[in-house]
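Written below as structure tokens is the structure these notes are about.
The values are calculated or read from the model by the stated rules, or taken from the named source; none is laboratory data. All figures in this text were calculated on a predicted structure; none of them were measured in a lab. Neighbour counts run over all protein chains shown; Cβ positions are idealised from the backbone, glycine included. Keep in mind that these areas ignore ligands, DNA and RNA; they rest on the heavy atoms of the full protein, side chains included. Shrake-Rupley method; radii C 1.70, N 1.55, O 1.52, S 1.80 Å.
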Amino acid sequence: MSTTKKELAVAALRNGTVIDRIPSTALFQAVRLLGLEHSKCHVTIGNNLHSGKIGTKGIIKIADTEFPEEVLNRIALIAPNAVVNTIRDFEVVDKRPVRLPDTLTRIVKCDNPKCISNNEPMATKFEVVAHDPVVIRCHYCNHTVAGTDAQIL
Amino acid sequence: MSSNSLVSISDISRDEILDLLDRARYFEENPNSKILDGRVVATLFFEPSTRTRLSFETAVNRLGGRIIGFSDANSTSTSKGETLKDTIKMVANYVDLIVMRHYLEGAARYATEVTDIPVINAGDGANQHPSQTMLDLYSIYKTQGTLNNLTITMVGDLKYGRTVHSLLMAMQYFNPTFNFIASKELQMPEEYKEFCRTHGIKFTESTDFSEDVINSSDIIYMTRVQRERFTDIMEYERVKNLYTLHNSMLENSKPTLKILHPLPRVNEIDRDVDDNPKAYYFEQARNGLFARQAIITRALGIDPRK
Ligand SMILES: [Zn+2]
């Protein structure tokens with residue numbers, strides 16, 4: 001707890017969300033998944049921070065924003081061990097791991113050019129077939145892809 | 001979405017497979033009837049496949065049903081840019097059942113999601129072709145008297161051959177032993193071997209199409225080795241004849257052995273095998289008619305045995 005507090009204090013957040021333990025290689029994908037390019041809130045992104053658990057890690061802090069669970073859980077695709085901290089009045093009021101849903105709708109693009117989902121105006125759909133590391137399978141053409149290689153829409 | 005659709009063999013249970021085999025047996029004894037009288041079936045072939053289309057259309061005709069459809073996408077509004085969804089929704093207004101083949105993978109699955117009419121997948125690109133699997137299962141069942149405890153040797157292109165993958169999945173309920181015989185470049189993909197391990201299915205793997213393997217087999221399932229599958233043409237030239245079955249190789253095989261092949265063949269089964277009573281590939285194709293009659297009546301919720 002004390003180390004967490006120290007790191008979170010880098011840019012002390014009164015209210016908002018801190019997403020921690022994102023593998024460095026997945027950080028910018030995570031930023032995209034959360035749609036932060038378009039956020040008007042105060043966003044702090046740190047990368048290549050030292051972490052005993054996963055080598056180097058990234059961290060994202062977003063002020064005055066709390067995300068719906070299904071948005072946060074998208075992060076699990078590329079960072080299955082990420083942890084979401086909800087901050088209210090400088091205190092961590094909730095801390096929990098992300099959880100990958102069983103199906104991913106409109107999140108990932110299929111990498112098979114002959115897949116119907118790439119040739120028809122329709123929602124993509126993937127089923128999670130393994131959790132750590134994440135492997136997902138296209139509901140339509142059955143192609144599988146690692147979560148970290150998935151092309152995120 | 002209709003639960004009577006058949007998109008992939010892995011969508012149906014062991015009991016449903018056995019029910020389809022029993023229906024196929026019934027239709028082999030009673031191939032002609034009027035049980036589809038008044039029904040209209042669409043055969044939508046966005047990609048041409050004369051063999052499969054004739055088999056499905058014969059199945060409908062022999063049961064007294066009517067057919068509308070097309071045999072290639074050039075003659076349809078797809079060529080004018082209509083979406084698959086719109087084509088399916090339009091056709092669904094007219095028919096009781098859609099049989100479709102498409103060059104895009106997942107097309108049949110998607111079709112089931114845009115209509116309540118049952119859909120039968122007659123092949124979607126390199127993905128699924130469940131009526132082929134049902135005719136393979138029926139051929140095995142008919143010639144061996146059971147699906148249980150059989151040794152099945154798969155030979156040739158095990159990497160890209162969707163028929164062997166689907167057959168492997170469907171056999172999971174029946175305690176098979178598999179021998180996978182292929183060159184290094186065309187071996188059974190790891191995901192299917194992993195499937196075998198997690199389902200307690202015994203298998204061996206070899207690059208050598210040996211007499212020991214042949215003599216232990218109840219079924220030898222031959223597939224086509226296509227030149228275009230090889231990145232290295234020298235490798236193709238080296239292996240192309242290693243996986244050809246000759247009559248002399250069958251000398252000490254089991255008397256009940258049957259040789260299957262999804263057809264068309266090129267040279268992976270020598271013509272000198274054709275007259276051996278163990279050669280079953282031509283009858284196998286004929287079983288497709290009964291297997292498809294079984295699938296069609298299941299999709300329409302009609303039980304001919306009652
Ligand atoms: Zn796909």
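Listed by first and then second residue, the pairs with beta-carbon distance under 9 Å, at least 6 apart or on different chains, first residue in segment A:135-153 and open to solvent by less than 10 Å² (accessible area, probe 1.4 Å), second near the ligand (Cβ under 9 Å from one of its atoms) and of a type in the set (Phe, Trp, Tyr), are A:ILE136/A:PHE126; A:CYS138/A:PHE126; A:ALA150/A:PHE126.
For every residue, the table says whether it meets (1) in contact (Cβ under 8 Å) with a residue 24 or more places away in the chain; (2) in contact with a strand residue (DSSP E or B) (Cβ under 7 Å, 6 or more places away or on another chain); (3) not in a helix (DSSP H, G or I).
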| residue | (1), (2), (3) |
| --- | --- |
| B:TYR243 | yes, yes, yes |
| B:PRO255 | no, no, yes |
| B:PRO262 | yes, no, yes |
| B:PRO277 | no, no, yes |
| B:ARG292 | yes, no, no |
| B:THR297 | yes, no, no |
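Scanning segment A:96-109 for residues that are free of Cβ contacts under 8 Å to residues at least 24 places away in the same chain and away from chain B (no Cβ under 14 Å), we see that the one that is farthest from the ligand (Cβ to nearest atom) is A:ARG96.
The criterion of at least 1 residues that are within 24 Å of B:ARG25 (Cα to Cα) and assigned by TED's automatic domain parsing to the domain that holds B:ARG23 is met, among strands (runs of 3 or more DSSP E) falling completely within segment B:74-158, by B:97-102, B:119-124. From the list B:VAL99, B:VAL119, the one residue that fits, being within 14 Å of chain A (Cβ to nearest Cβ), under 20 Å from B:SER10 (Cβ atoms) and buried (at least 24 other Cβ atoms within 10 Å of the Cβ), is B:VAL119. Considering segment B:187-239 alone, what residues qualify as being of a type in the set (A, V, I, L, M) and modelled with pLDDT under 95? Scanning segment B:187-239 gives B:VAL225, B:ILE233, B:MET234, B:VAL239. When B:MET234, B:MET249 are screened for being in a helix (DSSP H, G or I), without any contact (Cβ under 8 Å) to a residue 24 or more places away in the chain and hydrophobic (A, V, I, L, M, F, W, C), only B:MET234 passes.
Counting only residues that are within 11 Å of another protein chain (Cβ to nearest Cβ), touching a Gly at 6+ places or on another chain (Cβ under 8 Å) and not in a loop (DSSP other than H, G, I, E, B), how many does segment A:110-142 have? Number of matching residues: 5. Out of curiosity, is B:LYS184 farther than 29 Å from B:ASP275 by Cβ and not small (Gly, Ala, Ser)? Judged against the criteria, B:LYS184 is a match.
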